[in-house]
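The values are calculated or read from the model by the stated rules, or taken from the named source; none is laboratory data. From a predicted model like this one, the values you see are computed outputs, not experimental measurements. Ideal geometry is used to build each Cβ from the backbone, glycine not excepted, and the neighbour counts take in all protein chains shown.
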Amino acid sequence: GEDVEQSLFLSVREGDSSVINCTYTDSSSTYLYWYKQEPGAGLQLLTYIFSNMDMKQDQRLTVLLNKKDKHLSLRIADTQTGDSAIYFCAEGGSGGYNKLIFGAGTRLAVHP
Amino acid sequence: NAGVMQNPRHLVRRRGQEARLRCSPMKGHSHVYWYRQLPEEGLKFMVYLQKENIIDESGMPKERFSAEFPKEGPSILRIQQVVRGDSAAYFCASSLSGTGLTDTQYFGPGTRLTVL
């Protein structure tokens, strides 16, 4: 069945890079997404990548996709305290429409 | 340009009562998705609707839960005879279309349901 897995927790020092990893199972997924959730809030779309791409860069964010291994990563450069949040990986687009399958989320803690 | 709106933001119900959750999609969006987030978990798909049609309700519990998206007005997720296990955050997302890049989903702030 469809499944998305993420490590649950990541702690980094302010100014360092953060790398959040995700694995998925559905090879027919068209898009892969990263969402950010701050405490008590909804999900904010950070970035997405088409399944036929290897990499996408958007300011401080870099997404890498290894389709062979079904592995997705999100790198945040120069991590700031405002980046502290839960980051969700999601796959979608299989089955003809975009039902999203989410991972459990990675809680990023940024400390001085 | 208002985003996806959900109300109420917080809802408290006693066991056996009904809960009605509302979602107004972004302007111009005619596709709505509902997800449920249990504490410390990711979001789980519940139902996908277009105006006046339920396209996929494979994630909805078979009993007590229903959803609609009428021609006019918000989408409604209705939970009858709530139980403590229904306590969760319910998120609505909308998209411009159901496929392609324009199906990127934008999420509302969620409704946090607490069942006493």
Sole miss for B:G110 among (1) on the phi < 0 side of the Ramachandran plot; (2) within 13 Å of the chain's Cα centre (by Cα); (3) buried (at least 18 other Cβ atoms within 10 Å of the Cβ) is condition (1)
Could you please let me know if B:Y90 is touching an Asp or Glu at 6+ places or on another chain (Cβ under 6 Å) and under 25 Å from A:V4 (Cβ atoms)?
no
If you take the residues in segment B:82-104 that are under 16 Å from B:K51 (Cα atoms) and surrounded by 15 or more Cβ atoms within 10 Å (Cβ to Cβ), which one is modelled with the lowest pLDDT?
B:G98
Kindly establish whether B:R20 is part of a strand (DSSP E or B), touching a strand residue (DSSP E or B) at 6+ places or on another chain (Cβ under 6 Å) and surrounded by fewer than 17 Cβ atoms within 10 Å (Cβ to Cβ).
yes
Pairs under 9 Å by beta carbon, first residue over 10 Å from B:L113 (Cα atoms) in segment B:78-94, partner in a helix (DSSP H, G or I), six or more apart or different chains?
B:I79/B:D86
Examine segment A:12-35 for a residue that is of a type in the set (D, E, K, R), within 14 Å of chain B (Cβ to nearest Cβ) and surrounded by fewer than 21 Cβ atoms within 10 Å (Cβ to Cβ), and state whether such a residue exists.
yes
State all residues of segment A:36-50 that are surrounded by 17 or more Cβ atoms within 10 Å (Cβ to Cβ) and touching a Lys or Arg at 6+ places or on another chain (Cβ under 9 Å); if no residue qualifies, say none.
A:L43, A:L46, A:T47, A:Y48, A:I49
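In segment A:47-58, is there at least one residue being hydroxyl-bearing (S, T, Y) and in contact with a helix residue (DSSP H, G or I) (Cβ under 9 Å, 6 or more places away or on another chain)?
Taking segment A:47-58 as the starting set, the residues that turn out to be hydroxyl-bearing (S, T, Y) are A:47-48, A:51.
Of the ones still in play, those that are also in contact with a helix residue (DSSP H, G or I) (Cβ under 9 Å, 6 or more places away or on another chain) are A:48.
Yes: segment A:47-58 contains one or more residues that are hydroxyl-bearing (S, T, Y) and in contact with a helix residue (DSSP H, G or I) (Cβ under 9 Å, 6 or more places away or on another chain).
Which residue is nearest to A:C22 (Cα to Cα), if the candidates are limited to segment A:39-60 and must be part of a loop (DSSP other than H, G, I, E, B) and either at pLDDT below 90 or within 14 Å of chain B (Cβ to nearest Cβ) (or both)?
Filtering segment A:39-60 for residues part of a loop (DSSP other than H, G, I, E, B) gives A:39-42, A:51-54, A:59-60.
From what is left, the residues that are either at pLDDT below 90 or within 14 Å of chain B (Cβ to nearest Cβ) (or both) are A:39-42, A:51-53.
Numbers: A:P39: 21, A:G40: 23, A:A41: 22, A:G42: 20, A:S51: 14, A:N52: 17, A:M53: 16 Å.
Result: A:S51.
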If the Cβ limit is 6 Å and pairs must be 6+ apart or interchain, which residue in segment B:2-15 that is under 8 Å from B:R112 (Cα atoms) pairs with which residue that is basic (K, R)?
B:H10/B:R112
Having 3 or more residues that are more than 8 Å from every other protein chain (Cβ to nearest Cβ) is the bar; report the strands (runs of 3 or more DSSP E) wholly within segment B:31-113 that clear it.
B:31-37, B:43-50, B:65-68, B:75-79, B:88-95
